[in-house]
Structures are given as structure tokens and as C-alpha cells.
Amino acid sequence: MPAQQINHPLPSGFQLDRYRIERQLSLGGFSIVYLAFDDDGTPVAIKEYLPNSLALRSEGQIIPAISEEHQAAFRHGMKCFFEEGRALAHLSHPNVVRVLNFFRANETVYMVMQYERGRTLQEHVQKHRGEIREIFVRNVFTRLLNGLREVHTQKLLHLDIKPSNIYLRTDGNPVLLDFGAARQALGASGHSLKPMYTPGFASPEQYKSPFKMGPWTDIYSVGASIYACLSGASPQAADKRVEKDQLVPATKRFADKYSGQLLEIIDWCMVLDFQERPMSVFQLQKALAERHQLVRRQPSWFDNLGQGLRSLIGK
């Protein structure tokens, strides 16, 4: 099957289990996400496992066509997707997408998630390109790391953190969306498929050394996401950096706009050798918190006045 085929979404009004499909929200190489409503009229987001390199659903069809040569890979990916949904269903954190249900239908698997209103961090950055303030970056990623820490506590990895997978609710609170662990498992399953990661945000080990992946893998993506917020574009892909690193360090590129401490943290997260990165979210949070403490201790004009008077009188 051609790798670039496009799958058609389920039609509007289609009854899927106890949910009515309203419309397609997004279409990717791995899945289709729909806006739907349950029996009570509550909006939900439903992600359908449908990798376009393995399955094809033509217009007017419901059950996708899967060739015999792709059956094993499709079933393996479906199992990974289902297990990921089951694991996420036990995870409840305000900064991680809430999985409400998961089920099999139409010879594939569906994950039902809480529907969030707002926009992605990528959309926000594009709208405010060149105007992203440090306080905004710190607020978003400090809260996001709380969610990622809970993910790692549950022995899960996200493996696809990027601005388009970070959703900003209308109140500004970030939500981590669209886990890529199942995609990564499918790409590394030995079924001769292209690995499924996002260039610019995926760590070096996601390309060639998946056995080395750990919390530090997601931390690389966090650093790359912050870098992208400041630059307005994806950083150089890690596999290209390994060949010839042309990424200008954040400490050099953004030295005139952001604090050196924040920029050092970004560069630390994006070190190519995973052993040189923060080993845990807690370690990264601690580094960010140190800056917040410094900000809170910055002297006021009254403190400065007192300091000036003390220096005048020699005390």
C-alpha cells in the first residue's frame, strides 16, 4: 500500500457505540480524531487507530481494508494503542488529557477523551511570534511538567511532546495531548515501517536506540518545545544534529531576550547524549523552581532604597 494514502473519516452523524460522530477534528498518519457527543449530549474527543501505512478506508466505507502483508503489523499497533488507552484511563491529572473510555469496533480501536476547549500552544506561538514572554513560557511548562511527572510515575512515556500536542485551555492551563508511545512501539516492532516520531522534537535515541529511552527522552522534547516557542519554528532534527550539529544553542540565539538561566535549561534538556540531560522531571522542575525563587527574592524599590542608605552610612 502507498505510504501517502489518505484515509476517509467516519461520516457525520455516525453512531459509534454510544457516541454520535459530529465531525473530524484532525487527521494524522496514525489516527483520526473526531468531535462526538455521548448519550447525554456531552462533547468528547474520540481517537481512532488507523495508520495510513497499513490500512485504507475509502469514502463511504466503515471498516478499513488491510492487506494480508500488513495484518500482523496492524494488530500489533492496535494492541499497543489499546494498552496505552487502558493505562491512561487510570491516570487523572489536570495537565494530562483525560481518557474516559476505550473500546473495539469496526475492526479497530477507539480512545474516548475529555473534549477540551482552547487552542494548541503551536497556534498560540504562531499568533504571537516574536512576542512570547518568559513568564508565559515558565507558567506553561512548569504546570505541564506536573502532568508529565505523573505520567512517568505511572511508568509511561509520552514520546511525542511538541507544541501542537500541548493544548492551552481557555484559562491558559496546559494539557498534554496525543501520546506517541503506541506509535513508537509500532515503528520499532520490526515490521519494516517508518518510525513514527516528529523531527525536531524527537530525541536522538528515538531514531536508532529505543532501548535507551526513558524520562530523559521526553525531557529532550520538552527542551525542544520551549526552543520552538522562542524561535517560532522547529529546531534542527536530532538525527541531523548527530551528523552535523548546526543548532544554535539557546544561550547564544536568545541571549538578548530571555534569562540566561532559562536558556541554560533549554540547552541542558537538548544535549544529544541522554546521560547528560536531566534524568527526571523532578530534577528539571527543581532547576526551574530555583529561578522562580530568585524572581520572588528580587528587591523592591524600597529594598534598593534601604540598601543605598546603608551604603551611605557605611553599614
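The values are calculated or read from the model by the stated rules, or taken from the named source; none is laboratory data. Not measured: the values here are computed from a predicted model. Cβ coordinates were reconstructed from backbone atoms using ideal geometry, including for glycine residues, and neighbour counts include every protein chain displayed.
Quick notes on this structure:
- Residue identified as modelled with pLDDT of 95 or more, surrounded by 15 or more Cβ atoms within 10 Å (Cβ to Cβ) and part of a helix (DSSP H, G or I) among 288, 263: 263
- Within segment 111-163, the residues that satisfy the criterion of being of a type in the set (Asp, Glu), in contact (Cβ under 8 Å) with a residue 60 or more places away in the chain and surrounded by fewer than 19 Cβ atoms within 10 Å (Cβ to Cβ) are 116, 134.
- Qualifying residue in segment 88-96 (condition: at pLDDT below 95 and part of a helix (DSSP H, G or I)): yes
- Hey, residue 255 among the small types (Gly, Ala, Ser) and within 15 Å of residue 225 (Cα to Cα) or not: no
- For residue 60, the conditions (1) touching a strand residue (DSSP E or B) at 6+ places or on another chain (Cβ under 7 Å); (2) at positive phi; (3) modelled with pLDDT under 95 are fulfilled apart from (1).
- Residue within segment 98-117 that is assigned to a strand (DSSP E or B), β-branched (Val, Ile, Thr) and over 25 Å from the mean Cα position of the chain (by Cα) present: no
- Residue count for segment 52-93 under the criterion of being closer than 17 Å to residue 178 by Cβ and in contact with a helix residue (DSSP H, G or I) (Cβ under 6 Å, 6 or more places away or on another chain): the result is 5.
- Of all residues in segment 272-285, those that are farther than 14 Å from residue 152 by Cα and in a helix (DSSP H, G or I) have Cβ atoms under 6 Å from Cβ atoms of residues that are at pLDDT 95 or above and not acidic (Asp, Glu), 6 or more apart or on another chain, in 274/216.
Listed here are the residues, each with its yes/no results for (1) under 27 Å from residue 198 (Cβ atoms); (2) buried (at least 21 other Cβ atoms within 10 Å of the Cβ); (3) modelled with pLDDT under 90.
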site	(1), (2), (3)
5	yes, no, yes
11	no, no, no
18	no, no, no
22	no, no, no
27	yes, no, yes
39	no, no, no
42	no, no, no
78	yes, yes, no
86	yes, no, yes
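- Restricting 203, 234 to those that are in contact with a Gly (Cβ under 7 Å, 6 or more places away or on another chain) and touching a residue at least 24 places away in the same chain (Cβ under 8 Å) reduces the list to 234.
- Selection over segment 116-139 of residues that are in contact with a strand residue (DSSP E or B) (Cβ under 8 Å, 6 or more places away or on another chain) and on the phi > 0 side of the Ramachandran plot gives a count of 1.
- Looking only at segment 55-76, and only at residues there that are in contact with a Phe, Trp or Tyr (Cβ under 8 Å, 6 or more places away or on another chain) and buried (at least 16 other Cβ atoms within 10 Å of the Cβ), the one that is farthest from residue 160 (Cα to Cα): 66
- Residue among 217, 198 that alone is among the β-branched types (Val, Ile, Thr), surrounded by 16 or more Cβ atoms within 10 Å (Cβ to Cβ) and without any contact (Cβ under 8 Å) to a residue 40 or more places away in the chain: 198
- Single match in 186, 156 (criterion: modelled with pLDDT of 85 or more and of a type in the set (A, V, I, L, M)): 156
- On inspection, residue 288 does not qualify as closer than 17 Å to residue 205 by Cβ and not polar (S, T, N, Q).
- Flag if residue 200 is modelled with pLDDT under 95 and not hydrophobic (A, V, I, L, M, F, W, C): no
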